[in-house]
1. Of the conditions (1) farther than 18 Å from Thr105 by Cα; (2) in contact with a His (Cβ under 6 Å, 6 or more places away or on another chain), Ile9 fails just one. Which one is it?
2. Just to verify a result, which residue in the stretch 86-119, among those that are aromatic (Phe, Trp, Tyr) and within 17 Å of Phe21 (Cα to Cα), is modelled with the lowest pLDDT?
3. Would you tally the residues in the stretch 75-99 being without any contact (Cβ under 8 Å) to a residue 24 or more places away in the chain, under 14 Å from Ile114 (Cα atoms) and among the aliphatic types (A, V, I, L, M)?
4. Return yes when Ser56 is surrounded by 16 or more Cβ atoms within 10 Å (Cβ to Cβ) and among the small types (Gly, Ala, Ser) and no when it is not.
5. Can you find even one residue in the stretch 78-85 that is small (Gly, Ala, Ser), assigned to a loop (DSSP other than H, G, I, E, B) and at pLDDT 95 or above?
6. Go through (1) of a type outside the set (A, V, I, L, M, F, W, C); (2) surrounded by fewer than 17 Cβ atoms within 10 Å (Cβ to Cβ); (3) more than 18 Å from Asn90 (Cα to Cα) for Gln44 and report which single condition fails.
7. Need the failing condition index for Ser12 against (1) more than 25 Å from Gly119 (Cα to Cα); (2) of a type in the set (Gly, Ala, Ser); (3) without any contact (Cβ under 8 Å) to a residue 40 or more places away in the chain, just the number.
8. I'm trying to understand the selection: among the residues of the stretch 45-63, which are modelled with pLDDT of 95 or more and closer than 10 Å to Leu10 by Cβ?
Amino acid sequence: MAFSTVVPILRSFDQEKTQEFYRDWLGFALDWEHRFGPDMPFYQQFSRHGLVLHLSEHHGDATPGSHVRVKTSGLRAFHTELSDKRYKNNRPGLETPPWGGLEMTVIDGAGNRITFYEG
């Protein structure tokens, strides 16, 4: 048996804010989006450097306030990139947890946390 890539599904409530956070601020590409109809919830895929995330307005797809950890290289440069954008809704810092390494946590509009870690 072998396992492959994991694609987290995160809950979202606002398509515009989701794109502002993931595409405009975090620098992910919006790969595709789907709706069953004009007044139906959206489902989107965002990606950057091999990391793929799905964001969904569908009620049963995920729970708001989830937490995903992403092993990362070049975390200091990524932190600088985000800091330079001066995003009004999120200004993460770099932290050194007691177990070592380096971490940066960002929080989206639905309370989902993504911790990027190195080390």
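The values are calculated or read from the model by the stated rules, or taken from the named source; none is laboratory data. These figures come from a predicted structure and were not determined experimentally. Here the Cβ is made from the backbone with ideal geometry for all residues, glycine too, and neighbour counts use every protein chain on show.
1. Status for Ile9: all satisfied but (1).
2. Looking at the filtered set, the residue picked out is Tyr87.
3. 1
4. It is true that Ser56 is surrounded by 16 or more Cβ atoms within 10 Å (Cβ to Cβ) and among the small types (Gly, Ala, Ser).
5. Within the stretch 78-85, none of the residues are small (Gly, Ala, Ser), assigned to a loop (DSSP other than H, G, I, E, B) and at pLDDT 95 or above.
6. Result: Gln44 fails condition (2) only.
7. If we test Ser12 against (1) more than 25 Å from Gly119 (Cα to Cα); (2) of a type in the set (Gly, Ala, Ser); (3) without any contact (Cβ under 8 Å) to a residue 40 or more places away in the chain, just (3) comes out false.
8. Phe46, Leu53, His54, Leu55, Ser56
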